[in-house]
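Input: a single structure, listed below in structure tokens.
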Amino acid sequence: MDKILIPCDFSDQAISAFRLALDMAHSASAEIHLLNVIELPIVHDDLITPMQSFDEALLKELSDRAETRFEELQKEYAKEKVIIKTKVEFGPVINIIINYLERENATIVVMGTKGATGLQEVLIGSTAEKIVRHAPCPVIVVKEYRRLDDLKHIVFPNSMEEGQEDLMMHVKALQHVLKATLHVVWIETSHTTDHAVVKSELEDFARRFMLQNYTLNVFKAKSKESGVIDFTHKINASMIAMGTHARKGLTHLLKGSVTEDVVNHVDCPIWTYVIKR
């Protein structure tokens with residue numbers, strides 16, 4: 001964890017993400033990258049050809065305004081010995097963030113979200129949801145600021161499928177940085193599962209990945225999403241860590257993603273990572 005990217009629109013949630021990222025950077029001797037993306041409207045000419053026609057003075061004014069707000073944030077929250085770099089870019093928010101991640105080789109994203117509900121969730125989801133789906137590195141989604149020292153209990157929902165080596169390497173690294181207890185949980189939505197068999201599989205999983213400072217749990221729920229949320233509340237956990245398969249297109253629309261649903265509906269910080277295939 002040497003480069004932390006914070007997409008920043010200066011909302012309360014983005015500022016909360018910045019404050020948590022500062023704690024992480026101070027603890028891990030990492031570098032902070034604050035990125036403000038200004039999405040400009042598309043103007044069409046008589047031939048219906050998309051074009052952007054903006055005065056350079058206006059673009060400079062918008063950029064200068066963002067840099068001034070960056071300075072104010074740093075003055076209020078910055079910690080000693082934490083390097084903070086700022087950048088203002090113009091263009092489509094999702095594309096700019098993903099391109100910046102790849103260009104700068106950022107190792108984690110910490111970003112704020114208000115979540116998404118109702119028709120908005122069905123049609124467009126949230127910016128955080130899209131970044132979770134497309135980011136090449138882990139993403140932590142934050143709704144409100146939590147001190148790093150308070151993130152000591154991580155819920156880790158898992159179905160113990162194959163091909164989790166890369167995911168587990170990152171989860172264990174997160175646990176190490178936070179010095180936290182990892183609560184591995186199987187969310188049980190069927191009435192026919194043999195709990196003794198599941199418990200045995202959980203124990204095999206823990207041995208396979210040489211887990212330390214952990215608990216193994218089976219939790220009954222009506223759905224995977226509600227199970228993760230209810231179990232988190234039951235044990236008063238301070239963070240959720242989840243892998244996602246980053247389904248796209250029609251498959252995503254039909255099957256959805258438990259990870260993205262939880263991102264949109266839970267209040268504690270959520271760490272996510274796309275499982276490589």
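No lab work stands behind these numbers, since they all come straight from the coordinates. In this text, all values refer to a predicted model and were calculated from it rather than measured experimentally. Positions of Cβ are generated from backbone atoms using ideal geometry, with glycine treated the same way; all protein chains shown enter the neighbour counts.
Protection proxy ranking of 188-201, 149-162, by the mean of other Cβ atoms within 10 Å over each peptide's residues and highest first, is 149-162, 188-201. According to the square roots a ≥ b ≥ c of the eigenvalues of the Cα gyration tensor, what is the shape class of the range 148-274, taking rounded for a/c under 1.5, prolate for a/b larger than b/c otherwise, and oblate for the remainder? Since a/c stays below 1.5, the shape of the range 148-274 is classed as rounded. Taking 0.36 nm per residue of separation and subtracting the Cα-Cα distance, full extension of the segment from D55 to D12 would add 12.5 nm.
Using the average count of surrounding beta-carbon atoms within 10 Å as a protection proxy, the listed peptides 94-102, 72-80 rank, highest first, as 94-102, 72-80.
Straight-line cross-link reach from K60 at under 25 Å between alpha-carbon atoms covers these lysines, not counting any fewer than eight positions away in the same chain: K75, K85, K87.
Karplus-based coupling profile of the range 31-40, in residue order and whole Hz: 9, 9, 10, 9, 10, 9, 10, 9, 8, 8, with θ = phi - 60° in 6.51 cos²θ - 1.76 cosθ + 1.60 and x standing for Gly or Pro. Between D150 and V218, what's the calculated FRET efficiency when r is the beta-carbon distance and R0 is 41 Å? Round to 0.05. The formula returns an efficiency of 0.95 here. Each label was represented as a point 7 Å from its Cα along the Cα-to-Cβ direction; for K179 and E72 these points are 3.6 nm apart. Cross-link reach is defined here as a Cα-Cα straight distance under 25 Å, omitting same-chain residues fewer than 8 places apart; for K220 the lysines meeting it are K152, K199, K234, K255.
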